[in-house]
Amino acid sequence: MDIKMEKDISILAIESSCDETAAAVVRNGREVLSNVIDSQIALHTEYGGVVPEIASRKHIEKINQVIEKALADADRTLSQMDAIAVTYGPGLVGALLVGVSAAKAISFASNIPLVGVHHIEGHISANYIENKELKPPFLCLVVSGGHSHLVVVKDYGEYEIIGRTRDDAAGEAFDKVARAIGLGYPGGPKIDKVSREGNPDAIHFPRAKVGDAAYDFSFSGLKSAVLNYLNSCQMKGEEAVVADVAASFQKAVIDVLVEHSMDAIAKYGYKKFAIAGGVASNSGLRKAFEETCAREGIDFYHPSPLYCTDNAAMIGVAAYYEYRNGVRHGFDLNAVPNLKLGERIV
């Protein structure tokens, strides 16, 4: 799709799929005028993970505040928006409903078109914010708390999933292992930090392959191997070195992600590769891909950490291309917690 812009398009975007209440104003799909995020991490840390009911209530408290601040930070009024964008899936159903309800109310009251956005499409689109030259087609690895996908980005809004997790997502495995070794929640950033002090070759954990699907992932066995190792140390009266466990676990995850991605790049023949999602901010993963892509002559793209985790700017970027492609949603738009990538409910 060759998109030519006759006029500037400004989009107010809303994201509330999990535990961040976020709003942003994005112009022409690549320029972020504001990006407001109200995180609930501190609230959920004492529970060791996100509590859906608490998340929903907090979204209700914060949604209007972040929207007003996003418009103010962008020095724009609602009347200057060409579309209202919102994440409508996948995610926690109660959390999604808060954002969808707010977006529909604003769209109805202001008579501004409504555009629903797939959350994972948003993560992929985050790569366009700082990489102005990046255009489809390319291969993208999406790694987050709920998703591990290898995606062929054929065009703006056109995707083919060629690999996915069969059990735990990469980010989910990070959270579970972090809890097991006493690091707490959120696991990803804490394991990343501790791993720098450990030996990644101290313990050999398994690298799973799915026999009938070369690009699919499985991290459940790796998580179990870490737990078995910790139990074995306890039974022997030995103290596990937390930094070594973290580093060895992280290396096992990274090895699998890199190997599967490079195999897919070789088969599909792409010379552009991107990563997205919360785990894409992991320093070890970035370094591994930077080195491997440089060695293989592949152009490597990734968002800044701010745009890897959940945010509304990425939703505004994805919405721009949907908007230009004629996508509009009615006021019957609903939250779809298990929405599949590429599936459109209009």
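Couple of notes before you dig in:
- Any hit, region 155-169, residues being farther than 19 Å from PRO337 by Cβ, in a helix (DSSP H, G or I) and not charged (D, E, K, R): no
- Qualifying residues in region 129-170 (those that are hydroxyl-bearing (Ser, Thr, Tyr) and out of contact with any Ser or Thr (no Cβ under 6 Å at 6 or more places or on another chain)) - the one farthest from TYR321 (Cα to Cα): SER144
- Matching residues, region 228-247, being surrounded by 11 or more Cβ atoms within 10 Å (Cβ to Cβ) and either under 25 Å from SER283 (Cβ atoms) or of a type in the set (Gly, Ala, Ser) (or both): TYR229, LEU230, SER232, ALA240, VAL241, VAL242, ALA243, ASP244, VAL245, ALA246, ALA247
- Residues in region 194-234 that are polar (S, T, N, Q) and assigned to a helix (DSSP H, G or I): SER195, SER220, SER224, ASN228, ASN231, SER232, GLN234.
- Test result for ASP8, surrounded by fewer than 19 Cβ atoms within 10 Å (Cβ to Cβ) and either touching a residue at least 60 places away in the same chain (Cβ under 8 Å) or in a loop (DSSP other than H, G, I, E, B) (or both): yes
- If the condition is being farther than 27 Å from VAL327 by Cα and touching a Phe, Trp or Tyr at 6+ places or on another chain (Cβ under 9 Å), then region 47-87 contributes TYR47, GLY48, GLY49, VAL50, ILE54.
- Considering only residues in region 45-90 that are at pLDDT below 95, assigned to a loop (DSSP other than H, G, I, E, B) and of a type in the set (Gly, Ala, Ser), the one that is nearest to GLY171 (Cα to Cα) turns out to be GLY49.
- Annotation note: of ALA169, ALA173, the sole residue that is touching a helix residue (DSSP H, G or I) at 6+ places or on another chain (Cβ under 8 Å) and either free of Cβ contacts under 8 Å to residues at least 24 places away in the same chain or outside the structural domain of ILE120 (by TED's automatic domain parsing) (or both) is ALA173.
- Cβ-Cβ under 6 Å pairs, at least 6 apart or on other chains, region 245-272 side closer than 20 Å to ALA173 by Cβ, far side of a type in the set (Ser, Thr, Tyr) and surrounded by 22 or more Cβ atoms within 10 Å (Cβ to Cβ): ALA246/SER195; ALA247/SER195; GLN250/SER195
- Residue list for region 27-79, filter: among the charged types (D, E, K, R) and more than 24 Å from PRO113 (Cβ to Cβ): ASP38, GLU46, GLU53, ARG57, LYS58, GLU61, LYS62
- Note on region 262-342: enclosed helices (runs of 4 or more DSSP H) holding 3 or more residues that are surrounded by 23 or more Cβ atoms within 10 Å (Cβ to Cβ) are 313-324.
- Matching residues, region 103-129, being touching a helix residue (DSSP H, G or I) at 6+ places or on another chain (Cβ under 7 Å), within 18 Å of MET314 (Cα to Cα) and assigned to a helix (DSSP H, G or I): GLU121, GLY122, HIS123, SER125, TYR128, ILE129
- Exactly one residue out of SER110, SER144 is closer than 27 Å to ASN28 by Cα, modelled with pLDDT under 95 and of a type outside the set (A, V, I, L, M, F, W, C), and it is SER144.
- Among the candidates ALA70, ALA55, ALA83, residue that is over 20 Å from ILE106 (Cβ atoms), crowded, with 16+ Cβ neighbours inside 10 Å and of a type in the set (Gly, Ala, Ser): ALA55
The values are calculated or read from the model by the stated rules, or taken from the named source; none is laboratory data. Since the model is a prediction, treat every value here as computed from it, not as a measurement. All Cβ positions, glycine included, derive from the backbone under ideal geometry; neighbour counts span all protein chains shown.
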